[in-house]
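Okay, structure first, notes after.
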């Protein structure tokens, strides 16, 4: 069977396809078990459950939460991602918190635009106006974030692609995300009946433990010392995990009786869903 438990949509966050289009593509690719894991949003979960049933797929409710993790040994805060699976979509506490986080995303985006304008001033470039903000907001189907601003910078011809948008502007103009702690993320998901999974722990291009150390044994030592009481599993298969990383995290998760998951982290740029070789027994953990 084909499994992909880490997929984003434009309906809920920063994917390139709407949730119905994601399921059409997943059906075309023969995916049997799927989870939509939009950033800080569960708004499309009801529709996803219905679409999975329509297309004959098994479905696990999902969400990706960004956590501000304090690393004591480094004396610094690190941004990490965690996946919530199997929670009750009607849980009001979870919905309420995600609503607050969504509102913060909106205000954060506006502050980033103010920072951009200050940088534009220094470059002698015309400022973004309220009309620019309205156009960016109109392009947002899900949660408003930096990728939407990056797309607009490309559309305006200010940069050639999204990478340049981040490298030249958005990293310098960034504003802190909502300060969700690991303990709070764990409590939110567990009290909603779900399980919390550490996402892509060795993704050197994303928010991961690789920002602390590239040594795999050191990474799992961090989990052992500071995270075990809060997490229920590890994402062992990921599109930016090599074979050594997957093998290391499988051994670690088995040794601690943890959930072992995998997913492409597909944002449809490019279309990666269903491309990972994830064994059938992964699905059995959700029965």
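Within the stretch 29-39, is even one residue within 13 Å of the chain's Cα centre (by Cα), more than 21 Å from residue 96 (Cβ to Cβ) and surrounded by fewer than 24 Cβ atoms within 10 Å (Cβ to Cβ)?
Among the residues of the stretch 29-39, not one is within 13 Å of the chain's Cα centre (by Cα), more than 21 Å from residue 96 (Cβ to Cβ) and surrounded by fewer than 24 Cβ atoms within 10 Å (Cβ to Cβ), which makes the answer no.
Do you know which of the residues in the stretch 1-28 that are without any contact (Cβ under 8 Å) to a residue 40 or more places away in the chain and within 23 Å of residue 95 (Cα to Cα) is farthest from the chain's Cα centre (by Cα)?
Of everything passing the filter in the stretch 1-28, 20 is farthest from the chain's Cα centre (by Cα).
Looking at the stretch 178-200, which of its residues are buried (at least 18 other Cβ atoms within 10 Å of the Cβ) and either touching a strand residue (DSSP E or B) at 6+ places or on another chain (Cβ under 7 Å) or within 19 Å of residue 135 (Cα to Cα) (or both)?
The answer is 180, 182, 185, 186, 189, 194, 195, 196, 197, 198, 199, 200.
Between a first residue in the stretch 114-131 that is over 16 Å from residue 159 (Cβ atoms) and a second residue that is assigned to a helix (DSSP H, G or I), which pairs have beta carbons less than 8 Å apart while being 6 or more apart in sequence or on different chains?
127/117; 127/120; 127/121
Suppose the filter is within 19 Å of residue 272 (Cβ to Cβ) and surrounded by fewer than 21 Cβ atoms within 10 Å (Cβ to Cβ); does residue 97 pass it?
Spelling it out, it is not the case that residue 97 is within 19 Å of residue 272 (Cβ to Cβ) and surrounded by fewer than 21 Cβ atoms within 10 Å (Cβ to Cβ).
Kindly establish whether residue 163 is loosely packed, with under 13 Cβ neighbours inside 10 Å, under 19 Å from the mean Cα position of the chain (by Cα), at negative phi and outside any loop (DSSP other than H, G, I, E, B).
Numbers: loosely packed, with under 13 Cβ neighbours inside 10 Å: yes; under 19 Å from the mean Cα position of the chain (by Cα): yes; at negative phi: yes; outside any loop (DSSP other than H, G, I, E, B): yes.
Yes.
Those residues that are touching a helix residue (DSSP H, G or I) at 6+ places or on another chain (Cβ under 6 Å) and within 20 Å of residue 236 (Cα to Cα), I need them from the stretch 79-100; list them, please.
Once the filter is applied, which keeps residues that are touching a helix residue (DSSP H, G or I) at 6+ places or on another chain (Cβ under 6 Å) and within 20 Å of residue 236 (Cα to Cα), the stretch 79-100 yields 82, 84.
Could you run through the stretch 49-87 and say how many residues are within 20 Å of residue 197 (Cα to Cα) and surrounded by 15 or more Cβ atoms within 10 Å (Cβ to Cβ)? Walk me through it before giving the result.
Here is the first cut: in the stretch 49-87, the ones within 20 Å of residue 197 (Cα to Cα) are 58-71, 77-87.
Filter again for surrounded by 15 or more Cβ atoms within 10 Å (Cβ to Cβ), leaving 58-69, 71, 78, 80-87.
Summing the residues that are within 20 Å of residue 197 (Cα to Cα) and surrounded by 15 or more Cβ atoms within 10 Å (Cβ to Cβ) in the stretch 49-87 gives 22.
Does the stretch 228-235 contain any residue that is in the same structural domain as residue 199 (by TED's automatic domain parsing), assigned to a helix (DSSP H, G or I) and loosely packed, with under 13 Cβ neighbours inside 10 Å?
Looking only at the stretch 228-235, we keep the residues that are in the same structural domain as residue 199 (by TED's automatic domain parsing), and these are 228-235.
Then drop every residue that is not assigned to a helix (DSSP H, G or I), which leaves none.
Within the stretch 228-235 (the criterion being in the same structural domain as residue 199 (by TED's automatic domain parsing), assigned to a helix (DSSP H, G or I) and loosely packed, with under 13 Cβ neighbours inside 10 Å), the answer is no, since none of the residues qualifies.
The values are calculated or read from the model by the stated rules, or taken from the named source; none is laboratory data. Computed from a predicted model, the values in this text were never measured in an experiment. We place every Cβ from the backbone using ideal geometry, glycine too, and count neighbours over all the protein chains shown.
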